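The values are calculated or read from the model by the stated rules, or taken from the named source; none is laboratory data. Treat the numbers as computed from the prediction; the structure is a model and nothing was measured. When we count neighbours, we look across all protein chains shown, and the Cβ atoms used for this are built from the backbone with ideal geometry, even at glycine.
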């Protein structure tokens, strides 16, 4: 299976299955001399891990990361960094009934069509469990970006199903299980999710992620545009069905006089571009918005077929997130960090350090 590696110079290869003995990644290209310990990575993994509230899957994984290589005496050596996360709470028997059926909305049908077989345990390779190594790699990337350039990457949930969450303060994001930047709406979110779980159904969400304080000049024209690579990475996140950079689809109704961000001696007047022009960073915040589809694993019976094409009804039992978007914020942050670290190194290799803006 190919397609498990992200990046050109800061390169992350992800491995493992949802119910295998372990999952992990190898980071190749991280510069030497970066102070790094397991504690530097664990904080982000704890934000993503399952079982942290009643609104997410109750699979009890500690997600303890182990650094196997690439670090000596607390600093990166410039050699591949291998990160391992052991699976400790698999319930493979929960999936025995669906081994020969295709769950609607899942990758069961497409994996079987491509490979002629599939691992049905928790979705195997297509499981969102595989986002944990991504978060671990992103923690390394964001630490290097912060140390070298002062880049800050943050995210929040701006909508859960039909409930919008107007941004209030970054301080609220860490105080609730929804990563909402508006604490006032949390009671409504909890009531909605409790009813959703009783209904045996699921719902989607919208996630916003922002990178600030990066310099102008990162990115490439045409095929390796910074915004194109960001969109590519974000679409690699399970359940993402839409990516917007800056104004995104709002650009359709804007006029050029409104959308084009004017420039003054003090800087840009707006940021409809989302921090990217011509595939290259402007020095403004990179703003990305993600549309997360409803979780496909639900208790409501739905029509499908088995591997022989015979019709049947599928009901997915086991432990699942009624809204996978609830735990998506740290993953989106990690993906943005990986792309930015990669482009920072690519720019440095070709042009040296970024040119200061006039």
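Tabulated values for the structure
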item: One residue from 190, 171 being assigned to a helix (DSSP H, G or I), surrounded by fewer than 21 Cβ atoms within 10 Å (Cβ to Cβ) and touching a residue at least 24 places away in the same chain (Cβ under 8 Å); result: 190
item: Where a residue in the range 295-306 is free of Cβ contacts under 8 Å to residues at least 40 places away in the same chain and its partner, wherever it lies, is part of a strand (DSSP E or B) and loosely packed, with under 14 Cβ neighbours inside 10 Å, with Cβ under 7 Å and at least six apart; result: 301/313
item: Residue list for the range 157-167, restricted to those being in contact with a helix residue (DSSP H, G or I) (Cβ under 7 Å, 6 or more places away or on another chain) and surrounded by fewer than 20 Cβ atoms within 10 Å (Cβ to Cβ); result: 161, 163
item: Single condition residue 281 does not satisfy, out of (1) out of contact with any strand residue (DSSP E or B) (no Cβ under 6 Å at 6 or more places or on another chain); (2) modelled with pLDDT of 95 or more; (3) more than 29 Å from residue 160 (Cα to Cα); result: (1)
item: Any hit, the range 278-288, residues being within 30 Å of residue 124 (Cβ to Cβ), within 26 Å of the chain's Cα centre (by Cα) and not in a helix (DSSP H, G or I); result: yes
item: Residue check, residue 154 surrounded by fewer than 20 Cβ atoms within 10 Å (Cβ to Cβ), closer than 26 Å to residue 348 by Cα and touching a residue at least 40 places away in the same chain (Cβ under 8 Å); result: yes
item: Single residue of the range 193-213 satisfying the filter (part of a loop (DSSP other than H, G, I, E, B) and either within 18 Å of the chain's Cα centre (by Cα) or modelled with pLDDT of 95 or more (or both)) that is surrounded by the most Cβ atoms within 10 Å (Cβ to Cβ); result: 203
item: Candidate set: the range 309-338, residues that are free of Cβ contacts under 8 Å to residues at least 60 places away in the same chain and at negative phi; chosen: the one surrounded by the most Cβ atoms within 10 Å (Cβ to Cβ); result: 315
item: Output for the range 237-273, where each listed residue is within 29 Å of residue 7 (Cα to Cα), part of a loop (DSSP other than H, G, I, E, B) and either in contact with a strand residue (DSSP E or B) (Cβ under 6 Å, 6 or more places away or on another chain) or at pLDDT below 95 (or both); result: 237, 238, 239, 246
